[in-house]
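The values are calculated or read from the model by the stated rules, or taken from the named source; none is laboratory data. Being a predicted model, the structure only gives us computed values, none of them experimental. For neighbour counting, all protein chains shown are included, and Cβ atoms are generated from backbone atoms with ideal geometry for every residue, glycine included.
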Amino acid sequence: MLKLLEIENIAIIEKASVSFSRGLNVMTGETGAGKSIVIDSINAVTGQKTSRELIRTGASHAFVSALFEEISPAVSEALADCGVPAEEDGTLLLQRTIYKDGKNLCRVNGVTVTVSMLKSVGETLINIHGQRDSQALLDSAKHVFFLDSFAGLTPQVDAYAADFARLSAVKKAIRSLQTDEAEKARRIDLLTWQINELTEAAVTVGEREELHRKKNILNNSIRLASALKAAVNALSGDSDSAGAASLIAQAAREINAVASVAKGLDAVASTLEEAENTVADAAAVIDDVLNQLDNVEGSLDAIEERLDLLYRLSRKYGETEEEMLAFLADAQKELQLITLSDERIRELSAERDALLASCEKQAAALTAARKKSAKKLSAAVEGELAFLNMRSCRFVAEILPAELGPDGADRVTFLISANAGETPKPLGKVASGGELSRIMLALKNVLSEKDSVGTLIFDEIDAGVSGEAASKIAVKLSQVSRRAQVLCITHLSQIAAYADEHKFLRKEELDGKTYTRITSLDKEGRARELARINYGENPGETQLISARQMLEEAAAKKTI
C-alpha cells in the first residue's frame with residue numbers, strides 16, 4: 001500500500017508530504033485546490049506519461065517520491081525483471097525527477113531505471129480509476145480487455161497475440177513475393193544487367209585512388225625522372241665526377257689519418273662518417289623511386305579510360321567502390337530471392353497454414369472461455385449494481401463472432417438495460433453520467449477481486465451521483481477498502497463520511513504566488529468539512545450537528 005507521497009514543484013504544489021493509511025483515504029477541498037494534482041503526481045511517480053508543463057512556474061524541475069509498504073509477490077517479480085533488489089522489510093521507494101528540457105531521472109529503491117521500467121513496477125502497485133475509465137466503458141473495442149481480465153485469460157491472449165502477429169508478418173511476406181509475372185520478368189532483366197555490368201567491371205576497393213596516383217606519376221614522369229637522376233648523380237657521382245657521398249668519405253679518411261695530431265678531430269671524423277651514411281641512404285631512396293617510375297604499368301590513356309568507367313558506374317551504383325560492391329551484393333541477393341520466390345512462397349504458405357490453424361484453435365478456446373466467464377461477469381456486475389441502487393438493471397457481456405484479429409475471433413460488447421422490460425442496449429446509448437459512474441465502480445470492484453494490486457485510486461467516482469446512490473457508493477468503497485487500500489477524491493459528504501483517513505486541500509496565495517496546503521483532519525475537522533460540502537462556508541451549529549451525525553452513522557455502518 002502507499003504509505004507516503006512527497007511532491008515538489010508540481011503545478012501549484014510547491015512542497016507537500018502526504019501520508020496515507022489502510023482502508024479508505026478521502027481527499028476533499030474546494031475546486032482548483034490541487035486534488036487532481038495529487039493524482040497527476042501519483043501517475044508520474046508510477047511511470048505514466050506526463051508533461052514538463054506540470055513543473056511549477058519558476059522551478060527548474062519537479063520531483064515526486066512514493067513510499068510503499070507490504071509489497072506483493074507480483075511487485076517483487078516486476079522488480080526482479082528490472083534488476084532491482086527488493087528490500088527485506090517489504091518497503092519500496094519510487095522516485096521521479098522531471099526537468100524543463102523533458103528529461104527524466106527515475107529511481108526504484110535507489111537504483112536508476114528507465115521510465116518504462118518504472119511503469120512496469122508502478123502497474124503492479126496502483127490502479128487509478130477516473131472519469132476517463134467511464135469513457136472507456138463507452139468504447140466497445142475495449143470491452144474484451146475487461147472480460148479477459150475478469151476471466152484471467154491474459155496469458156492465453158498474449159500467447160495467441162504472438163502467433164497472430166507472426167501470422168500477419170508471414171502473410172505480408174507472401175504478398176511481397178507474389179508480384180505479377182511481367183513485373184517479375186522486368187525486374188529479373190534489370191538486376192541481371194546491373195550484376196553483369198558490375199561483375200565485368202571487377203571493381204576493387206581503393207582502385208580509383210591507386211589509378212589517380214599512377215596518373216599523377218605519369219603526368220609528371222619526365223620532369224620527375226630528370227630531377228631524381230640529377231639528385232642521384234649529385235649524391236653518388238658518375239663517370240665524370242665524384243658525388244657528395246664519395247667526397248665526404250674522402251674527407252673522413254683524411255681526418256682519420258691525422259686525428260691523433262690535434263684534439264677534437266676524432267669527433268669530426270665520426271660526424272663525417274655519419275653524414276656519408278645519411279647521404280648514401282638518401283641516394284638509395286631516390287634510386288628506388290626511379291625504379292618505380294620504370295615499373296608503372298599501363299599507359300596514360302588506359303588509366304583515363306578506367307577512371308571514366310568507374311565514374312560512370314559511381315553515378316549509378318554508389319559514389320565509392322564500397323557502395324558499388326554493396327549494390328552488387330544486394331542485387332545478387334534480390335535476384336536470388338526472385339528466382340527462388342516460388343519455393344519461398346511454398347515454404348511461407350506452409351508456415352501460414354500452420355499458424356492459421358493454431359490461431360483458429362486458440363481463438364476457439366478463447367471464445368469458449370469468454371462465453372463461460374461472460375455469464376459470471378454479468379451476474380457479478382448486476383449484483384454490485386443492485387446494491388448501488390440499480391436493482392432493475394440488466395448487464396450483459398455480449399459475445400459475437402468476428403474476423404480473426406489481434407484479440408481473437410470475438411466482438412465483445414457490454415449492454416445494459418437500466419429499466420425492467422427494456423432490451424439491453426450499448427452503454428453509450430442508454431447510460432447517464434451517474435449510471436456510468438456506478439457501472440464503472442461495479443465493474444472495477446468485480447475485477448479488483450482478481451487483482452493483486454494493493455492500492456486503488458478513484459478520481460471523482462461520484463460524478464453525476466447524489467442522494468441514496470451516493471451513500472451506496474460510499475458503502476461500496478468502504479467495503480472495497482477492507483481488502484485493498486483505497487484513495488478517493490470526492491465532492492460528496494456521503495463518501496467523505498466513510499473515510500478512515502480524511503485529507504483536506506486548501507489553495508492559498510502568498511506574495512503573488514499560489515500554494516496548496518494539505519492537512520489531515522481530526523474528527524471535528526471532518527465534521528466542519530462535511531458541513532462545508534453540504535452547506536457552504538461558515539456553517540452554523542445546527543449544520544455541524546448534522547455533519548457529526550453523518551460521521552457517527554457511517555462509523556456504525558462500517559462496523560457491520
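Is it the case that segment 394-401 has a residue that's under 33 Å from the mean Cα position of the chain (by Cα), exposed (fewer than 15 other Cβ atoms within 10 Å of the Cβ), closer than 30 Å to Ser168 by Cα and modelled with pLDDT of 75 or more? No, that holds for no residue. Checking each residue in segment 73-125 for being in a loop (DSSP other than H, G, I, E, B), aliphatic (A, V, I, L, M) and touching a residue at least 40 places away in the same chain (Cβ under 8 Å) picks out only Leu125. Out of segment 481-521, which residues are touching a Phe, Trp or Tyr at 6+ places or on another chain (Cβ under 8 Å) and under 19 Å from Ile10 (Cβ atoms)? Residues satisfying the conditions are Leu487, Ile489, Lys507, Glu508, Glu509, Ile518, Thr519. Of the candidates Lys429, Lys333, Lys375, Lys361, the single residue that is of a type in the set (Lys, Arg), more than 37 Å from the chain's Cα centre (by Cα) and in a helix (DSSP H, G or I) is Lys375. Could you check segment 146-178 and list, in sequence order, the residues that are under 30 Å from Leu436 (Cα atoms) and either surrounded by fewer than 16 Cβ atoms within 10 Å (Cβ to Cβ) or in contact with a Phe, Trp or Tyr (Cβ under 6 Å, 6 or more places away or on another chain) (or both)? Residues satisfying the conditions are Gly152, Thr154, Pro155, Asp158. Selection of segment 446-479 for residues being touching a strand residue (DSSP E or B) at 6+ places or on another chain (Cβ under 7 Å), at pLDDT 85 or above and either assigned by TED's automatic domain parsing to the domain that holds His502 or part of a helix (DSSP H, G or I) (or both) yields Leu477, Ser478. Set side by side, the residues Lys3, Lys35 differ, and just one is surrounded by fewer than 24 Cβ atoms within 10 Å (Cβ to Cβ), out of contact with any Cys (no Cβ under 6 Å at 6 or more places or on another chain), in the same structural domain as Val121 (by TED's automatic domain parsing) and modelled with pLDDT under 90, which is Lys35. Filtering Ser270, Ser236, Ser246 for residues that are farther than 30 Å from Leu307 by Cβ, surrounded by 14 or more Cβ atoms within 10 Å (Cβ to Cβ) and touching a strand residue (DSSP E or B) at 6+ places or on another chain (Cβ under 7 Å) leaves a single hit, Ser246.
For every residue, the table says whether it meets (1) closer than 30 Å to Leu447 by Cα; (2) touching a residue at least 24 places away in the same chain (Cβ under 8 Å).
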position: Val480; (1), (2): yes, yes
position: Val486; (1), (2): yes, yes
position: Thr490; (1), (2): yes, yes
position: Asp500; (1), (2): yes, yes
position: Thr514; (1), (2): no, yes
position: Asp522; (1), (2): no, no
position: Gly536; (1), (2): no, no
position: Glu541; (1), (2): no, no
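The condition (being closer than 30 Å to Glu197 by Cα, outside any loop (DSSP other than H, G, I, E, B) and hydrophobic (A, V, I, L, M, F, W, C)) is satisfied by just one residue among Ile248, Ile303, Ile286: Ile303. State whether the residues of segment 266-281 include one that is among the aliphatic types (A, V, I, L, M) and not in a helix (DSSP H, G or I). Within segment 266-281, not a single residue is among the aliphatic types (A, V, I, L, M) and not in a helix (DSSP H, G or I).
Scanning segment 55-72 for residues that are part of a loop (DSSP other than H, G, I, E, B), of a type in the set (A, V, I, L, M, F, W, C) and farther than 17 Å from Val453 by Cβ yields a single hit, Ala59. Restricting segment 41-54 to residues that are part of a loop (DSSP other than H, G, I, E, B) and exposed (fewer than 13 other Cβ atoms within 10 Å of the Cβ), the residue that is modelled with the lowest pLDDT is Ser51. In this structure, does Phe164 turn out to be touching a residue at least 12 places away in the same chain (Cβ under 8 Å) and under 17 Å from Leu404 (Cα atoms)? Taking the combined requirement at face value, the residue satisfies it. Taking the criterion of being of a type in the set (A, V, I, L, M), modelled with pLDDT of 90 or more and in contact with a helix residue (DSSP H, G or I) (Cβ under 7 Å, 6 or more places away or on another chain), the residues of segment 338-364 that qualify are Leu348, Leu355, Leu356, Ala363. When segment 480-520 is filtered for residues that are outside any strand (DSSP E or B), surrounded by 15 or more Cβ atoms within 10 Å (Cβ to Cβ) and under 36 Å from the mean Cα position of the chain (by Cα), the ones remaining, listed by number, are Val480, Ser481, Ala484, Thr490. Of all residues in segment 31-59, those that are under 26 Å from Leu79 (Cβ atoms) have Cβ atoms under 8 Å from Cβ atoms of residues that are β-branched (Val, Ile, Thr) and part of a loop (DSSP other than H, G, I, E, B), 6 or more apart or on another chain, in Asp40/Thr50; Asn43/Thr50; Ala44/Thr50. Looking only at segment 485-525, residues that are closer than 20 Å to Asp459 by Cβ and of a type in the set (Asp, Glu) come to 2 in all.
Report whether or not Ala16 is on the phi < 0 side of the Ramachandran plot, buried (at least 16 other Cβ atoms within 10 Å of the Cβ), among the small types (Gly, Ala, Ser) and in a strand (DSSP E or B).
Yes: the conditions hold for Ala16.
Which members of segment 496-514 meet the condition of being aliphatic (A, V, I, L, M) and out of contact with any strand residue (DSSP E or B) (no Cβ under 6 Å at 6 or more places or on another chain)?
Correct list: Ala497, Leu510.
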